[in-house]
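Inspection log for the structure reproduced underneath, given as C-alpha cells.
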Amino acid sequence: MVLSDARLLPIAAALLVLLPVFVQAPWVHAAPMAASLFTVPLVALGVLLERSDRGFRRDFGAVLVGFSGSWLAGSLFWGWCRMHPLWHLPIEAFALPLALAGLGGRWRLACGFYLASLLGTAATDGMIAATGLMDLWPQVVSAPLHTAPLLLQQAAGQLLAPWPLSGLLLAAGLLGGLAHRLRRHGPTARVAAACLATTVAVDAIFLALALLSPELTGLL
C-alpha cells in the first residue's frame, strides 16, 4: 500500500523526533561542535527540498528546517550547558518569536514542528521539576561513568511512587489528547500532533531504559 503525502508527512515528522535520542545524543557527547555544525547541512537540505515542486518533498523540506532549530538547540545545551537544567528550556526556545511569527506564512510546517517539539520539551522539563528530580540532574550528568547509571536508575525509580507516577500519566494523557485533537485539522496540525505523540513515546522509552538499562539512554 502506498501512503499518501497527508499520512507520510506525520510519519516523517515522528521519525525526526527520534533522531535526537538515537543519533544526536551520542554524537553530542563525542563531538559537540560537529553535532552543532551539522545544523548547516540540515537547513540547506531543508531549504533545497522546500523549493521542490513535489508535494511531499516540499513539505518535508519545511519540516526539516523546523527540526534543524530543535537540533541546534539540543546540541548547544547538551554540548556545553548540560550541567544547568534551568537553561534547557530557554535555549530550546531561542527561535520561539520567529516560529510564532511564521505560523501563518510559507514556513508554517517548520514552525509547527518546532513549536510542538518545544511544547513537548516544556512538558518533560515541567514534570522533572514537579517530581523533584531537577536537583538530581547535575549530579547524574556529572557523575563518573561507573556510578552515573546507578544514579540515573535511582532517580528514575523515584518516578514510580504513586504521586509522581500519577503526574506523569496525567501529563502524558494531556499531550496525547492534544495530539489526537490536532490530527483532525490541517497538515501543520498533523505534523505537530505526530511530534507530540512521539515525544510522549520517547519519554516512556527513556524512563524504561533509565530503569532497566540506563547506559543506553544517551544521557550519560
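The values are calculated or read from the model by the stated rules, or taken from the named source; none is laboratory data. On a predicted model such as this, the values are computed, not experimentally measured, just so you know. In this analysis, Cβ positions are derived from the backbone assuming ideal geometry, glycine residues included, and neighbour counts consider all displayed protein chains.
A few remarks follow.
- Listed here are the helices (runs of 4 or more DSSP H) enclosed by segment 16-101 that have at least 1 residues being surrounded by 14 or more Cβ atoms within 10 Å (Cβ to Cβ), among the β-branched types (Val, Ile, Thr) and under 14 Å from the mean Cα position of the chain (by Cα): 55-76, 88-92.
- Among the conditions (1) within 18 Å of the chain's Cα centre (by Cα); (2) buried (at least 18 other Cβ atoms within 10 Å of the Cβ); (3) of a type in the set (Gly, Ala, Ser), the only one that Gly176 does not satisfy is (2).
- Test result for Ala155, aliphatic (A, V, I, L, M) and either under 15 Å from Gly112 (Cα atoms) or surrounded by fewer than 18 Cβ atoms within 10 Å (Cβ to Cβ) (or both): no
- Residues of segment 135-152 satisfying the condition of being closer than 19 Å to Leu211 by Cβ and assigned to a helix (DSSP H, G or I): Leu136, Trp137, Gln139, Val140, Val141, Ala148, Pro149, Leu150, Leu151, Leu152
- Identity of the residue in segment 62-111, of a type in the set (S, T, N, Q) and touching a residue at least 40 places away in the same chain (Cβ under 8 Å), that ends up nearest to Pro26 (Cα to Cα): Ser75
- Filtered residue count, segment 16-54, keeping only those that are more than 16 Å from Ala73 (Cβ to Cβ) and modelled with pLDDT under 85: 4
- One residue stands out among those in segment 158-173 that are assigned to a helix (DSSP H, G or I) and in contact (Cβ under 8 Å) with a residue 40 or more places away in the chain: the one that is surrounded by the fewest Cβ atoms within 10 Å (Cβ to Cβ), which is Gly167.
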